[in-house]
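Notes follow once the structure below has been shown.
Just so it is clear, none of the values below were taken in a lab; they were calculated from the coordinates. Being a predicted model, the structure only gives us computed values, none of them experimental. Heads up, the Cβs are rebuilt from the backbone with ideal geometry, glycines too, and the neighbour counts pull from every protein chain shown.
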C-alpha cells in the first residue's frame, strides 16, 4: 500500500467532517474507509520504526546507572572519604607540616559537604534545582581545588623527602577527590 501523503491527510480530514455532518455519499464512505485503513497502517509503521530507533537498554543497566549516579551514592562517597580522613588524622605519623595542613582542610571542607549533601538527600530541598546545582558545583569546585593544592604540595615537596606516609596520603586524597568530582559532576550534568 502506498505511503500516506499530505493530500491523503487533507482528504481524510475533509471526509471525516462530511461524515460528522451526515453529508457523505456512498463512494465517499468507501474512500473514507480506505483512507482510515491507510492512515492506521501509516501510524503503525511509523511507531514500529521509532521503536527500532530507540537504543536497547536493559532495565538492569538503567537501574545500575540510577544507583551509581545518585545523591545517596554521593553522600556515601563523601561520608567514606570523611571517615577515612578522620582515621588518617588519628594515626598520622607526622611528616611535613603541609601534609597535616592538607589533612585538616580536607576534614573541614569535606565535613561541610557531607552536611550539605545529607540535607539534600534527606529533606525536601532536593526539589529545589538551584540549591541542588549550587551544592553540586561546590562539591566539584572544592574537590578540584583541594586536589590541585595537594598536587602543588606534592610537586613542591619533591626536593624535600616526604616519607611514605605523606606520599600515600597524597594518593588517597587524589583518589577520593577524583571519585567525588566524577560523582558530583555526573549528577550536575544529569540535572540539566
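At a glance:
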item: Per-residue Cβ neighbour rank within 10 angstrom, fewest leading, 75, 100, 141; result: 141, 100, 75
item: Added length on full extension, which subtracts the Cα-Cα distance from 0.36 nm per residue, residue 84 to residue 44; result: 8.7 nm
item: Volume per residue of the C-alpha convex hull in the range 6-53, rounded to whole Å³; result: 62 Å³
